[in-house]
Amino acid sequence: MQASNQDNLISIIVPIFNELSSVTEVVKQLMVTPLPAGLEREIIIVDDGSTDGTTSVLQELPDDPRVRIHYSVLNFGKGIAVRVGLKYARGQIIMIQDADLEYDPGQIGDLLKPILEGSTEVVFGSRFLGENRGMQLLQNLGNRILTATINLLYGAKITDAYTCYKIFTRRVAQKLRLQARGFELEAELTSQILLAGYGITEVPIRYQARSFAAGKKIRPHDGLKGLLWMAYYRLS
């Protein structure tokens with residue numbers, strides 16, 4: 001990660017793959033959502049080889065110094081997209097925002113408060129403590145199994161290990177040694193944060209799930225990969 005002295009800057013990493021229907025809206029919301037006083041934003045969009053027209057939409061966005069876009073020729077996976085975003089992040093606080101609008105950017109201010117108050121260096125937005133709409137039974141069960149497993153392996157007490165909303169300080173980010181390529185990133189991030197000795201503060205969030213037919217991409221085999229990564233870090 002690049003060095004930075006921008007103490008008042010938050011870096012919002014947005015990994016994108018084939019989100020034509022929502023990409024314009026999510027960027028718009030990220031630009032206008034209120035932040036705590038004195039905090040500035042940079043939005044780092046990583047287009048992970050989109051093939052549905054998302055790339056063209058991103059190329060047509062108005063120029064704004066707060067927005068930087070990295071284009072990948074191929075689809076490598078969310079893990080690599082986030083790692084690219086971390087490489088270019090300059091802020092002292094870093095967060096991840098999916099581009100499908102299942103997660104409402106209007107909640108960012110609330111998610112930042114525990115870090116800004118100095119009570120923690122890591123915040124997860126929990127769908128299971130907040131307003132969880134539309135999550136299918138198997139998705140619900142899978143998330144709970146993955147979270148229960150990571151709690152068991154690492155002695156944690158969190159409710160949502162696979163939430164997109166993971167926010168952490170630059171100091172935490174600099175200790176990460178991420179290797180995951182796909183959605184197993186969620187397990188890897190959580191495992192490495194816990195192994196580094198950081199407590200995770202959870203904040204309730206609003207969540208509106210979408211169906212696979214509507215473009216949801218994570219699949220059951222991604223959960224199995226996540227379980228393997230949890231065990232790998234615990235045993236190694």
message = Defining a contact as two alpha carbons under 8 Å apart and six or more residues distant in sequence, what relative contact order in percent does segment 9-235 show?
response = 24
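Rounded to the nearest 5, what % of the DSSP beta bridges within the chain are antiparallel ones?
Numbers: 7 of 32 bridges.
Around 20 percent of the beta bridges assigned by DSSP in the chain are antiparallel ones.
Just rank LEU185, LEU146, fewest to most, by other beta-carbon atoms within 10 angstrom. Don't skip to the end; give the middle numbers.
Numbers: LEU185 27, LEU146 22.
Arranged by neighbour count, lowest to highest, LEU185, LEU146 become LEU146, LEU185.
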ask   = Say a site is exposed when it is one of the GluC sites (Glu not before Pro), sits in a DSSP loop, and has at most 10 other Cβ atoms within 10 Å; what is then the longest site-free stretch of the chain?
value = 118-236
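Computed over the Cα atoms, what is the radius of gyration of segment 84-184 divided by 2.2 N^0.38 Å, N being its residue count? Show your work: numbers first, answer last.
On the way: Rg = 14.2 Å, N = 101, 2.2 N^0.38 = 12.7 Å.
Dividing the Cα radius of gyration by 2.2 N^0.38 Å gives 1.12.
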message = Taking θ = phi - 60°, what integer Hz values does the Karplus form 6.51 cos²θ - 1.76 cosθ + 1.60 yield along segment 219-231, in sequence order, with x for Gly and Pro?
response = 10, x, 5, 5, x, 5, 4, x, 4, 5, 5, 4, 5
inquiry  = Of the listed values [x] 117; [y] 133; [z] 160, identify the label whose number matches volume of the Cα convex hull per residue in Å³ calculated from this model.
reply    = [x]
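Using the 10 angstrom Cβ neighbour count as an exposure proxy, how do LEU235, LEU152, LEU20, LEU30 rank, fewest first?
Details: LEU235 7, LEU152 11, LEU20 16, LEU30 20.
With the sparsest Cβ surroundings first, the list reads LEU235, LEU152, LEU20, LEU30.
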query = Got a sec to turn the phi values of segment 50-66 into Karplus ³J(HN,Hα) couplings, 6.51 cos²θ - 1.76 cosθ + 1.60 with θ = phi - 60°, whole Hz, x for Gly and Pro?
reply = 4, 10, 9, x, 4, 4, 5, 5, 4, 5, 9, 5, x, 5, 8, x, 7
Estimated dipole of segment 1-99 in Debye, rounded to 20 [Cβ of Lys and Arg +1, of Asp and Glu -1, Cα centre] = 320
message = Which entries of LYS78/LYS157; LYS28/LYS166; LYS78/LYS166; LYS28/LYS175; LYS78/LYS175 have Cα-Cα distances beyond 23 Å here?
response = LYS78/LYS157; LYS28/LYS175
key: Helix-only mean residue ellipticity at 222 nm for the chain, each DSSP H run of n ≥ 4 adding -39500 (n - 2.57), per residue, nearest 500   = -11000 deg cm²/dmol
task = Can you find, among SER119, LEU228, SER72, the residue farthest towards the positive end of the dipole of segment 9-235? Put +1 on the C-beta of Lys and Arg, -1 on that of Asp and Glu.
result = LEU228
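Treating only the Cβ of Lys, Arg, Asp and Glu as charged (+1, +1, -1, -1), what charge dipole size does the chain show about its Cα centre? Round to the nearest 20 debye.
For this selection, approximately 720 debye.
Read-outs throughout are calculated quantities, based only on the coordinates presented, and are distinct from any laboratory measurement. No experiment lies behind these values; they were computed from the predicted model shown. Positions of Cβ are generated from backbone atoms using ideal geometry, with glycine treated the same way; all protein chains shown enter the neighbour counts.
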